[in-house]
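Enquirer: Dumping the structure here so I can ask a few things about it.
The values are calculated or read from the model by the stated rules, or taken from the named source; none is laboratory data. Quick caveat: nothing in here was measured; it's all calculated off a predicted structure. Methodologically, a virtual Cβ is constructed for each residue, glycine included, from the backbone with ideal geometry; neighbour enumeration extends over all protein chains shown.
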Amino acid sequence: MNCARRQLLLLMGAAYCGWVQAQAGVRVIGVLGNSRDDPATQALVTAMEKLGWNEGRNVRYDCRPGSDDYERLGDVARALLAAKAEVIVVTAGVTAALAARRATETTPIFALGVADPVRFGLVRSLANPGANVTGIVATTPAWGKYLELAREALPRATRLALFANPANVGFDDYVAQNEVAAKALGLQLKVLRVAEEPQLDSAFDTLNRERVDVLVFGPDRIFIRHLGKLLKRAEEQQLPVVGPTRQAALAGALLSYSLDPREVYERSAALLDRILRGSRPADIAFEQPTRYLLVVNLEAARRLGIIVPSSLMLRADEVLR
């Protein structure tokens with residue numbers, strides 16, 4: 001073997017070893033509930049980059065949106081474990097986090113935006129989770145807040161529709177709070193159960209027959225996954241919508257009221273950084289963001305022929321024109 005060939009092989013070997021070492025240094029974050037191109041996933045990736053976790057260099061995101069069926073999310077969690085995810089970020093709510101918790105008691109789980117994890121049995125306390133789970137609590141005002149906003153935006157509204165997923169562990173509480181709020185506001189509330197995509201069409205057919213004045217829905221995965229379809233059907237029926245995420249307003253809802261996504265993802269990244277650097281979820285307290293954003297979509301208001309009251313405009317954190 002001549003000298004030039006030997007040198008070439010040595011260089012190729014060194015390059016291969018470097019590649020192997022680089023691959024070995026890439027940490028794997030599993031995402032249960034969102035696709036990679038989901039705006040929420042991108043927001044998390046961006047926040048992680050600020051802390052030095054750069055996709056493709058030292059971290060990789062294995063994103064598995066799963067199906068509408070909560071009962072199948074445990075299989076998605078197990079698939080992430082089989083793919084060697086070092087931490088599972090659950091973006092599909094407390095029901096999905098419980099499914100992940102049943103799939104593993106050792107791999108860290110980061111529950112991003114879950115409702116009342118203590119009440120629903122995910123952890124023993126927010127300050128001391130004591131398990132392989134920590135995260136961000138989706139602190140919400142009483143669910144009736146969304147009905148109050150709907151009534152303020154549409155003072156003459158008397159009939160409101162509420163979409164709710166009976167497969168969500170928080171279903172009973174969600175419906176009960178909204179029923180109390182509707183009674184206090186003197187509103188008639190029509191609750192429609194939607195647990196899978198085909199039921200969205202049936203629900204809108206019902207709304208078309210019953211002529212409600214406004215539609216409210218919560219942050220359940222089925223409504224987030226099928227947000228485009230939901231808002232398209234609402235627009236076809238000239239039905240104002242109040243949604244639970246800024247993305248809903250950006251996509252066409254009249255109003256949205258939600259935790260400030262910047263605060264949520266910056267704090268999520270900070271906690272994930274600690275986990276990737278060796279901290280145990282059991283020792284990391286859940287955090288509870290408190291800043292809310294009210295977004296008013298004036299383009300949607302014009303399309304629906306609605307004049308948004310000045311009281312809402314003055315309080316809005318963001319106005320889409």
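Enquirer: Given (1) farther than 30 Å from ASN132 by Cα; (2) surrounded by 16 or more Cβ atoms within 10 Å (Cβ to Cβ); (3) out of contact with any Pro (no Cβ under 8 Å at 6 or more places or on another chain); (4) of a type in the set (D, E, K, R), identify the lone condition not met by ASP213.
Expert: Exception for ASP213: condition (3).
Enquirer: Output the residues belonging to region 252-295 that are under 15 Å from ALA43 (Cβ atoms) and β-branched (Val, Ile, Thr).
Expert: VAL264
Enquirer: So in region 201-245, with the set limited to residues that are of a type in the set (Gly, Ala, Ser) and at pLDDT 95 or above, which one is nearest to the chain's Cα centre (by Cα)?
Expert: Checking each candidate, the answer is GLY243.
Enquirer: While we're looking at this one, here's another question. I need the full set of residues from region 166-204 which are closer than 17 Å to ARG221 by Cβ and small (Gly, Ala, Ser), in order please.
Expert: Across region 166-204, the qualifying residues are ALA167, GLY170, ALA195, ALA203.
Enquirer: Which residues, taken from region 266-296, are part of a helix (DSSP H, G or I) and either surrounded by fewer than 23 Cβ atoms within 10 Å (Cβ to Cβ) or of a type in the set (A, V, I, L, M) (or both)?
Expert: Answer for region 266-296, where residues must be part of a helix (DSSP H, G or I) and either surrounded by fewer than 23 Cβ atoms within 10 Å (Cβ to Cβ) or of a type in the set (A, V, I, L, M) (or both): GLU266, ARG267, ALA269, ALA270, LEU271, LEU272, ASP273, ARG274, ILE275, LEU276, ALA282, ASP283.
Enquirer: In region 128-153, which residues are assigned to a helix (DSSP H, G or I) and of a type in the set (A, V, I, L, M)?
Expert: LEU147, LEU149, ALA150, ALA153
Enquirer: Go through ARG72, ARG101 for me and flag whichever is without any contact (Cβ under 8 Å) to a residue 40 or more places away in the chain, surrounded by 15 or more Cβ atoms within 10 Å (Cβ to Cβ) and either closer than 26 Å to PHE171 by Cβ or touching a Cys at 6+ places or on another chain (Cβ under 8 Å) (or both).
Expert: Criteria check complete, one pass: ARG101.
Enquirer: I'd like the residue in region 124-147 that is among the aliphatic types (A, V, I, L, M) and within 20 Å of the chain's Cα centre (by Cα) and, out of all such residues, is farthest from SER268 (Cα to Cα).
Expert: The extreme case among them is ALA142.
Enquirer: Of these, ALA234, ALA153, ALA164, ALA184, which one is within 27 Å of VAL319 (Cβ to Cβ), touching a helix residue (DSSP H, G or I) at 6+ places or on another chain (Cβ under 8 Å), free of Cβ contacts under 8 Å to residues at least 60 places away in the same chain and not charged (D, E, K, R)?
Expert: ALA234
Enquirer: Report whether or not THR41 is of a type outside the set (A, V, I, L, M) and touching a Cys at 6+ places or on another chain (Cβ under 8 Å).
Expert: yes
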